[in-house]
Amino acid sequence: MTTGSSRARGWLQDLRVYTEPRVARMLLLGFAAGLPLLLVLGTLSFRLREAGIDRTTIGFLSWVGLAYAFKWAWAPLVDRLPLPLLTRWLGRRRSWLLASQIVLVAGLAGMAFTDPLQDLPRLVGFALLVAFASATQDIALDAFRIESADVSRQAAMAAAYQVGYRTAMITASAGALWIAAVFDADEATYQHGPWLAAYLCMAGLIGVGIVTVFLSSEPQAIELAPRKEGVVGWLRSAVLGPFLDFARRYRWHAALLLALIATYRISDIVLGVMSNPFYRDMGFTKDEVAAISGVYGVVMTLVGAALGGVLALRYGVMRVLMLGAVLSALTNLLFAWLATRGHDVPALVFAISADNLSGGIASAAFVAYLSGLTNVAYSATQYALFSSVMLLLPKFVGGWSGWAVDHYSYPTFFIGTAVLGVPVLVLVWLASRAAPVTR
């Protein structure tokens with residue numbers, strides 16, 4: 001009994017880490033970081049389709065998300081460049097956080113007041129501004145998190161960040177759709193007013209992050225060694241260095257690994273571009289999409305991620321990587337079946353359950369795989385570069401998704417996204433037979 005009570009007290013003592021101010025603040029900053037992502041991607045695509053924007057255009061506009069794939073390019077500037085007045089007032093990390101959040105508020109407000117039927121290019125411009133500011137906030141926030149606590153607190157800091165981030169994703173998808181639905185008297189016709197209200201509310205919620213920045217303390221500054229090599233030296237050490245290290249460690253195997261990284265999530269990402277326009281075209285209301293895709297779907301993704309982590313621990317990363325690739329391709333076929341059902345809510349729940357569960361499994365295995373590929377000497381940079389490689393090809397191909405639907409229909413498109421996953425199975429098999437993943 002005494003031992004059990006001691007263990008219980010020990011667990012409670014450990015859980016108190018989440019009540020520490022610096023950890024709790026990461027929950028709120030994670031919320032501010034996760035909010036903009038879907039507002040320039042999934043939620044925006046639903047809004048544009050409801051406004052009658054053609055699917056081909058919506059597909060190409062998904063390239064706005066490429067800003068997240070290239071954020072490593074200006075990360076050194078965020079790391080080293082002081083901002084006039086702000087840096088002296090708030091410090092290096094908080095100044096960049098506040099600056100990016102102010103731009104986010106302005107960009108989301110601009111998206112709110114711009115009617116896509118009146119000025120689509122202006123709306124796209126504001127979406128690009130939001131994506132760029134959001135990616136910049138991610139860079140600054142990662143540095144802020146790492147420098148704000150010692151190693152023993154990093155797991156708790158990351159966990160709090162992820163909870164806030166995922167909560168924000170639900171808010172930006174389900175929450176924005178629900179707000180728009182409340183102000184929409186007629187789902188059958190497009191009205192700009194409901195979306196104005198929804199996006200203004202989302203812009204206001206960025207205030208959570210702004211207030212948190214002011215309530216936070218600047219982490220102790222880390223002295224950065226001056227670079228005497230100039231631009232060429234910076235490119236060699238910061239950009240080429242991690243790639244050259246990867247090539248030296250894996251040699252010919254490096255090309256195979258990069259091909260796998262570049263294609264592993266292609267089925268899911270390409271399908272995801274057209275998912276919200278598809279729901280709209282099938283007659284699902286904003287309330288239905290908010291509840292089923294925005295809330296329930298995110299929960300199923302988290303369940304899948306947890307399951308994937310356990311499976312990887314028990315059976316190994318490569319086996320679960322193959323399982324995730326198989327499931328991601330097969331579950332895309334459910335959307336081809338759903339396209340023949342029309343407005344069928346139970347069928348939508350089933351399709352999203354299977355798709356998001358498999359996506360969570362695949363994501364957990366893939367993150368573990370990428371982490372195993374990194375050299376600890378270049379861990380942050382190499383992981384960022386791997387993440388960029390992961391997004392570039394799928395995002396580019398995804399831009400053509402609307403064109404594919406317009407020319408070949410939804411069922412054919414969804415079958416095509418499943419076929420895109422077949423080469424991935426071959427690459428996973430080849431990678432599993434080659435040299436083992438090492439750090």
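Coordinate range of the alpha-carbon atoms in the chain per principal axis, descending: 65, 58, 54 Å.
Dipole size in debye (nearest 20) for the range 21-217 around its Cα centre, Lys and Arg Cβ +1, Asp and Glu Cβ -1?
Working: 15 positive and 12 negative charges, 172 e Å.
Result for the range 21-217 is approximately 820 debye, rounded to the nearest 20.
How much length would be gained if the chain were fully extended between Ala347 and Val310, taking 0.36 nm per residue of separation minus their Cα-Cα distance, in nm to one decimal?
Here the segment from Ala347 to Val310 would lengthen by 10.5 nm.
Sorted from fewest to most neighbouring beta carbons within 10 Å, what does the list Phe70, Phe413 look like?
Fewest-to-most ranking of Phe70, Phe413: Phe70, Phe413.
For the chain, the Cβ-based charge dipole about the Cα centre amounts to some 1660 debye (Lys, Arg positive; Asp, Glu negative; other atoms uncharged). Inter-label distance, Leu256 to Tyr408: 2.9 nm, where each label sits 7 Å from its Cα along the C-beta direction. With unit charges on the beta carbon (Lys/Arg positive, Asp/Glu negative), name the residue among Gly372, Leu307, Val103 whose Cα is farthest towards the positive pole of the charge dipole of the chain. Towards the positive end, the residue furthest out is Gly372. Taking 0.36 nm per residue of separation and subtracting the current Cα-Cα distance, fully stretching the chain between Leu120 and Trp337 would add 74.8 nm.
Count charges around Pro219 for me, please; just the other residues with Cβ under 10 Å from its Cβ, Lys/Arg as +1, Asp/Glu as -1. Mind dumping the intermediate values first?
On the way: positive: Arg22, Arg92, Arg93, Arg94, Arg145; negative: Glu147, Glu218.
Surrounding charge for Pro219 is +3.
Considering only Ala67, Ala347, Ala172, the Gaussian network model of the chain with Cα springs below 10 Å gives its largest mean-square fluctuation to Ala347. Between Asp281 and Leu330, the distance separating the two model label sites (each 7 Å from Cα on the Cα→Cβ line) works out to 2.7 nm.
If R₀ is 60 angstrom, what is the calculated FRET efficiency for the pair Thr189 and Phe396, using the beta carbon separation as r and rounding to 0.05? Working shown, then result.
On the way: r = 34 Å, r/R0 = 0.57.
Efficiency, from the Cβ-Cβ distance: 0.95.
So what's the net charge close to Thr87: Lys and Arg +1, Asp and Glu -1, counting the other residues with Cβ under 14 Å from its Cβ?
Working: positive: Arg80, Arg88, Arg92, Arg93, Arg94; negative: Asp79, Glu218.
With Lys, Arg at +1 and Asp, Glu at -1, the neighbours total +3.
Within the shell defined by Cβ-Cβ distances under 12 Å, the residues around Phe113 carry a net charge of -1, with Lys and Arg each +1 and Asp and Glu each -1.
Okay, helix-only estimate at 222 nm for the chain: each DSSP H run of n ≥ 4 adds -39500 (n - 2.57), divide by all residues, round to 500 deg cm²/dmol; what do you get? It lands at -24000 deg cm²/dmol. 3J(HN,Hα) along the range 311-320: 5, 5, 5, 7, 10, x, 5, 5, 5, 6 Hz, from the Karplus curve 6.51 cos²θ - 1.76 cosθ + 1.60 with θ = phi - 60°, whole Hz, x for Gly and Pro.
Every number here is computed from the coordinates shown, using simple stated rules; none is lab data. Since this is a predicted model, take the numbers as computed values, not measurements. Heads up, the Cβs are rebuilt from the backbone with ideal geometry, glycines too, and the neighbour counts pull from every protein chain shown.
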